[in-house]
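Below: one structure, written as structure tokens.
The values are calculated or read from the model by the stated rules, or taken from the named source; none is laboratory data. Worth saying up front: this structure is predicted, and the values here are computed from it rather than measured. All Cβ positions, glycine included, derive from the backbone under ideal geometry; neighbour counts span all protein chains shown. All accessible areas refer to the heavy atoms of the entire protein, side chains included, with ligands and DNA or RNA removed. Shrake-Rupley method; radii C 1.70, N 1.55, O 1.52, S 1.80 Å.
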Amino acid sequence: MSDADDVLRRWNPRGWARLHRSSIPNSGVAVVRVAGVAGSGRTTLAAELSELGGVEYVPEGDAPVVLMVLDASSVLGRTELTELDAAAREAADVVFAITGIDRYPGWRSIRDRDIELLHRHAPWLARVVVIPVSAVAAARAREIGGDAGPVLALESGIVGVHEAILAAVATSAQGRATRTAVVARTRNMIVAEIAQLSASDDTADLRAERARLAARPVGSEHRRDFHRARVESMQELAVRAREASVELRGMLDDGSADPGDVEILLAAHAQRLREEVAVAVEHRLGIVTQAPIVEPAPVPQMPGRRLDDRLALVLGASVGAGLGRMAATMLGTIPVAVSVLVTIVCGAAAAWWLLRLRRQLAHRELMRRWVVDELTALRADLEAWIRTMAFDAEANLGHDAAVRERARATELRERVATIDDRIRRRTGEQRARIAACERDLAILRHVEPAGDPVRPIG
């Protein structure tokens, strides 16, 4: 098998099979397929041609020669061209006949337009014969007979169509016309395949996917605002510490709590602050941990007798003595010893009471300062702890985010590289297929020359 036969067998197996079988059936009568749309007069024309004999006309099936009947009333349309493609796919030759020329005087312009359309639509046809014919005139000539019948038949165009069909059948029987038609048809199929491969883009979806991946941001994940979380947590801590300070100082001022119980109340408030801060850090920073426990400073003790205590003692004694003398005077005549005793007792009682009151006030003020100092120290420690937790959380999240970004970037690069490889592979396959088609086309170019141009007859 030659290279050309191999190309024909691969591209056009039906045409290749036609080259290896006879175009004349066992009966010895050539078969011609009559094609055309309804209303074109194909049935009437086929009947008149059958009267001339020598050829069997069939409406369906494969045949080496096709008679395509055109209508002179209108230009070729999509329906006629589709019918032509279906009927003449494997034909060696096609004879075109335009009917109705006796009814449409402008048939010549219609025929010229049809020729242009055929030349543009069916370049694979090696040769096209366009013959005007009137089936009505042919039938009248057959009815008249005699010497005038043949003359009228010749003028009707039926004889020209019959002779063109016989010539096409004879040429196709020799094999050369069939081979020329098959090669031309196969060449046209290869050219159409090359055009389709060149126009198609199998990598459009891959390029769109690659563009989408390339435009995807790598570090687009949402990150927490640690500065805002830190500020909000510290503000909340300040509010809670201020509330605890106000509550403890109010209890000391109104006397609802003994100064000795302040240490227990302060420890309870400190523990509550630590728990609230831990909850806030867990909620805003995502860190589950406990706030540090710092031992508070010892409860301050009242110092020994100071100068203000002595002044309070002297002042209390003076006030008490004056009150005692006033009381003794109000009692009337009493012994001097009793008067002195009353003065001393009143002075001692007043001095003791004033000194005791002075020391209670001093102790309360000392506890107030201790509570404020402890809450301030606790607030400072918790604020430092919040800043440390925020810094650690931001550092850890930044590290994790960087790791995830590197992993995503690596994944994107791998996916893009895979898509690029698929694009190169598809492009290479397309180019290889086009090159293979061009090689097959080059083989066929050395087999048969191009057919004759489309030409009208009549």
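Can you find, within region 70-129, the residue that is nearest to residue 49 (Cα to Cα) among those that are open to solvent by less than 20 Å² (accessible area, probe 1.4 Å) and small (Gly, Ala, Ser)?
Checked region 70-129; the qualifying residue nearest to residue 49 (Cα to Cα) is 97.
Looking at region 143-164, which of its residues are at pLDDT below 75 and at positive phi?
145, 146
Looking at region 201-217 only, could you name the residues that are open to solvent by less than 50 Å² (accessible area, probe 1.4 Å) and either modelled with pLDDT of 80 or more or of a type in the set (A, V, I, L, M) (or both)?
Once the filter is applied, which keeps residues that are open to solvent by less than 50 Å² (accessible area, probe 1.4 Å) and either modelled with pLDDT of 80 or more or of a type in the set (A, V, I, L, M) (or both), region 201-217 yields 206, 213.
Is it the case, given these coordinates, that residue 117 is part of a loop (DSSP other than H, G, I, E, B), closer than 29 Å to residue 183 by Cβ and hydrophobic (A, V, I, L, M, F, W, C)?
no
I'm told residue 249 meets every condition in (1) modelled with pLDDT under 80; (2) assigned to a helix (DSSP H, G or I); (3) out of contact with any Lys or Arg (no Cβ under 7 Å at 6 or more places or on another chain) except one. Can you identify the failing condition by its number?
(3)
Can you run down the residue pairs with Cβ atoms below 8 Å, 6 or more apart or on separate chains, where the first is in region 165-177 and at pLDDT 80 or above and the partner is open to solvent by 50 Å² or more (accessible area, probe 1.4 Å) and assigned to a helix (DSSP H, G or I)?
Pairs that qualify, where the first residue is at pLDDT 80 or above and the partner is open to solvent by 50 Å² or more (accessible area, probe 1.4 Å) and assigned to a helix (DSSP H, G or I): there are none.
For residues that are of a type in the set (D, E, K, R) and under 52 Å from the mean Cα position of the chain (by Cα), scanning just region 61-80, find the one that is nearest to residue 165 (Cα to Cα).
Of everything passing the filter in region 61-80, 62 is nearest to residue 165 (Cα to Cα).
Regarding region 400-419, can at least one residue be identified that is surrounded by 12 or more Cβ atoms within 10 Å (Cβ to Cβ) and closer than 30 Å to residue 192 by Cα?
Among the residues of region 400-419, at least one is surrounded by 12 or more Cβ atoms within 10 Å (Cβ to Cβ) and closer than 30 Å to residue 192 by Cα, which makes the answer yes.
Could you tell me whether region 65-73 includes any residue that is part of a helix (DSSP H, G or I), touching a Leu at 6+ places or on another chain (Cβ under 8 Å) and modelled with pLDDT of 85 or more? Working first, answer last.
Taking region 65-73 and keeping what is part of a helix (DSSP H, G or I), we get none.
No, region 65-73 contains no residue that is part of a helix (DSSP H, G or I), touching a Leu at 6+ places or on another chain (Cβ under 8 Å) and modelled with pLDDT of 85 or more.
Within the set of pairs 6+ apart or on separate chains, which have a first residue in region 420-443 that is free of Cβ contacts under 8 Å to residues at least 60 places away in the same chain, a second that is open to solvent by less than 30 Å² (accessible area, probe 1.4 Å), and C-beta atoms under 6 Å apart?
none
Need the failing condition index for residue 29 against (1) surrounded by 14 or more Cβ atoms within 10 Å (Cβ to Cβ); (2) over 15 Å from residue 96 (Cα atoms); (3) of a type in the set (A, V, I, L, M, F, W, C), just the number.
Single failed check for residue 29: (1).
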